[in-house]
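Trainee: Encoded as structure tokens, here's the structure I'll be asking about.
The values are calculated or read from the model by the stated rules, or taken from the named source; none is laboratory data. Bear in mind the structure is a predicted one, so any value in this text is a computation, not a measurement. Glycine gets a Cβ as well: all are built from the backbone with ideal geometry, and neighbour counts include every protein chain shown. These accessible areas exclude ligands, DNA and RNA; they are computed on the full protein's heavy atoms, side chains included. Shrake-Rupley method; radii C 1.70, N 1.55, O 1.52, S 1.80 Å.
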Amino acid sequence: MPSVSHSLSADLRSLPRFALVSEALNKSYGRGKQRFEAVRDVSLKIAPGEVLAFLGPNGAGKTTTIKMIAGLIRPDAGKVEIAGKDPHRNPQALQGVGAVLEGNRNLYWRLTPLENLEYFGVLRQMPRKLAKSRGMDLLKTFGLVERRNVAVQKLSRGMQQKIAIAVALIHQPHLLLLDEPTLGLDVEAGETVKQLVRQVAESGCAILLTTHQLSVAESLSDRVAIIREGRIITEQPTQALIRQFSKDAGYYIEIEGRLDTSRREAIASLGATVGDSYISYYPEAAASDSDKRLASATLYKILSILDPLPIVEIRQERANLTDIFLQLVKQ
Amino acid sequence: MIDLFIGEFKRTWVQTLRYPSEVIGGVVILTAVFYGIFVGAQYMTGSSGGAFGDRLDAIVVGYVIWTLVVYIVNDIATNLQMEARTGTLEQVFLSPFGAPKVFLARAIASLTLRLLLILAVLAIIIAMTGSQIAFPPMLLLPLITLLLSAYGLAFFIGSFALVLKKVQQVLSMFQFVLFFLLATPTEDWTGPARLVANVLPILPSTGLLRDLMARNQSLDWDRWAIALLNGVIYFTIGTLLFRWAEGQAKRQGTLGSY
Ligand SMILES: Nc1ncnc2c1ncn2[C@@H]1O[C@H](COP(=O)(O)OP(=O)(O)OP(=O)(O)O)[C@@H](O)[C@H]1O
Ligand SMILES: [Mg+2]
């Protein structure tokens, strides 16, 4: 159908390059001697469909930044643009924004999940009927259909959090702000939320996510920004950051049973560390391609010495986000 | 905008009626307090029955106005505090409608509910005391000016709730001041006292309502013009202050704190 392709291309053209642009945001609290710079020169951009993990220790300024983006805290300087509009000047900018804010339940306790979804849909300028039917869909996705008519105050903390996330999604936002969305969720609910975040991102929504669970950030994010004492100290694609910190990573091989003495000596002479039933090999920091080739040649030599012993595990030791985070934040 | 209004209406009703015992308790307390005042007034004036008639009607009208105004003035401030505590306040400020529209829709929704409740209390009081207050259609005019002025005050105190967070003492003090002002027949004041009564919030409208409902007088248009001016001015001041308070809370970063 020609109309479909037409509407698609129109969509592509109207899709902004960035769902969120914030530039040089600054915020101080208090006056005089009490004055405290909570956020300094923070600039963040997120493209449609991208997940940005915004990480930092307690009090680093994450929540302050998110609330400045949402128009809830006025920045001292800097600007925010959501789909080209400034939420501090024009409330319409908030039309495409969904948010789950920190520590709050964000819900009316006396209302049921469905009533909450319907109300917040209307508050986000949806037609009431649509809000209700989309609310039902979301309850299905979150496995809360049976609880739809129970007052929210009687639900568990984790269920309340799931509903808060559903409420943030009711109007199909283009920008989703999630301040610690997996706090207080059990393992399964945490996984549901992770999956959902992925789905929402795939549908083209830009997501800004803060969390202290770095494994969540590692598995969800396309990019990471780390903030410390109000300043962004690193901003990179997640995988590039991990690769950068994994450069001089080694290999770990574990075999079944114990290594005999001759094999031990042969492997140790290649420069690896040998234990009873494991070997770890750290090549010299690979500066060039020939260094890399040398390192993997050595690895194959070790493997041929081990042949035909049964191998339990073999892996490259990669840095994970937790190690990287701790290193960066301590500096 | 219509959907927003219906949405607010539904939210307010469901939240209120989810616990019917609270609603019934409210009616009982309102009626009981009135009965106390009624018996006390009878005792102090030493009269009962016939001669007490007009006075009784004036007291009934004054009492009903008092409960209505106290409710309106409390409504915005206490809801702001409660919603800050449960975390919904920031979500409300995330609405693309903008806070003023949302709070206006809320005010209308909760007022409708309250008026119904007050009518119920009024019916009980009338049945109990045999009061003979009148309901001429004209009473809508001073009622509107009363509401304007009361909402002006409500937004005024709501502004303090947004910025200072603690307004409980202010609210209870206000209840007493208002109680004594309504117990005084300020509409009979003359000279400089008259001027003061015209400038104070709500009072010009309450005098008119008492005249219409308890004393069977017709509407005094000059006094209504004063009441209208009074209402419009208080409403404007209240809403302007509220906008300022919203900005102030956003500058302090305390919109959602309590
Ligand atoms: N309204 C406020 N008034 C004064 N200081 C504040 C206010 N809000 C936050 N702060 C201070 O600003 C700093 C940054 O706070 P923020 O809540 O943004 O940190 P965060 O990165 O979200 O921390 P967490 O990981 O603990 O949630 C903190 O030192 C905090 O004490
Ligand atoms: Mg925080």
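Trainee: For the range A:249-318, what is Rg from Cα atoms divided by 2.2 N^0.38 Å, rounded to two decimals?
Mentor: Against the empirical 2.2 N^0.38 Å value, I get 1.07 for the range A:249-318.
Trainee: Give me the angle, in degrees from 0 to 90, between the Cα long axis of helix A:2-14 and the longest principal axis of the Cα atoms of chain A, rounded to the nearest 10.
Mentor: Value to nearest ten degrees: 80.
Trainee: So what is the accessible area of chain B per residue, in Å², with the probe set to 1.4 Å?
Mentor: Accessible surface, normalised per residue, equals 46 Å².
Trainee: Per residue of chain A, what 222 nm ellipticity follows from adding -39500 (n - 2.57) for every DSSP H run with n ≥ 4, rounded to the nearest 500?
Mentor: Computed mean residue ellipticity for chain A: -12000 deg cm²/dmol.
Trainee: To continue, here is another question. Take peptides A:164-172, A:133-141 and line them up by average Cβ neighbours within 10 Å, highest first, as a rough protection proxy.
Mentor: By packing density, highest mean first, the sequence is A:164-172, A:133-141.
Trainee: Extension gain residue A:294-residue A:172, at 0.36 nm per residue separation less the Cα-Cα distance, in nm?
Mentor: 38.7 nm
Trainee: Based on Cα coordinates alone, diagonalise the gyration tensor for the range B:2-252, multiply each eigenvalue by 5, take square roots, and list the semi-axes in whole Å, largest first.
Mentor: One finds semi-axes of 32, 22, 16 Å for the range B:2-252.
Trainee: Now, a different point. What accessible area, summed over both chains, is buried at the A-B interface (1.4 Å probe, Å², nearest 100)?
Mentor: Using a 1.4 Å probe on protein heavy atoms, the buried area is about 3200 Å².
Trainee: Count the net charge of all other residues whose Cβ sits under 14 Å from the Cβ of residue A:81, scoring Lys and Arg as +1 and Asp and Glu as -1.
Mentor: +3
Trainee: How far apart, in nm, are two points set 7 Å out from the Cα along the Cα-to-Cβ line at residue B:184 and at residue B:19?
Mentor: 3.7
Trainee: Determine, for the range A:187-331, the count of lysine pairs separated by eight or more sequence positions (or lying on different chains) whose alpha-carbon distance falls under 24 Å.
Mentor: For the range A:187-331, qualifying lysine pairs total 4.
Trainee: Give me the percent of the accessible area of the range B:77-118 that comes from carbon and sulfur atoms, probe 1.4 Å, all protein chains in place.
Mentor: Result for the range B:77-118: 72 percent of the exposed heavy-atom area is carbon or sulfur.
Trainee: Now for a different question. State which entries of A:45/A:162; A:67/A:154; A:79/A:132; A:79/B:10; A:45/A:129 exceed 32 angstrom in Cα-Cα distance in the structure shown.
Mentor: Flagged as over cut-off: A:79/A:132; A:79/B:10; A:45/A:129.
Trainee: Next question. At a 1.4 Å probe, what is the % contribution of carbon and sulfur to the accessible area of chain A?
Mentor: 49
Trainee: Beyond 25 Å, how much of the Cα-Cα pair distribution for chain A remains, as a whole percent?
Mentor: Value for chain A (Cα pairs over 25 Å): 61 percent.
Trainee: Summing +1 for each Lys or Arg and -1 for each Asp or Glu, what net charge is found among the other residues whose Cβ lies under 12 Å from the Cβ of residue B:258?
Mentor: Taking every Cβ under 12 Å from that of residue B:258, the sum is +1.
Trainee: Taking the Cα atoms of the protein assembly as shown, what is the range of coordinates along each of the three principal axes, in descending order and whole Å?
Mentor: Extents along the principal axes, in whole Å: 120, 62, 46.
Trainee: Could you compute how much accessible surface residue B:187 exposes when probed at 1.4 Å, giving the result in Å² to the nearest 10?
Mentor: Its accessible surface works out to 20 Å², give or take rounding.
Trainee: Please work out the FRET efficiency for the pair residue B:29 and residue B:240, using the Cβ-Cβ distance as r and a Förster radius of 41 Å; give the result to the nearest 0.05.
Mentor: Efficiency for this residue pair is about 0.75.
Trainee: Just to be sure I understand the interface: list residues from the range B:1-43 that lose 40 Å² or more of accessible area between the chain on its own and the complete protein assembly, 1.4 Å probe.
Mentor: Those residues are B:3, B:10, B:11, B:15, B:18, B:19.
Trainee: Quick one: of the DSSP bridges fully inside the protein assembly as shown, what percent are antiparallel, nearest 5?
Mentor: 65
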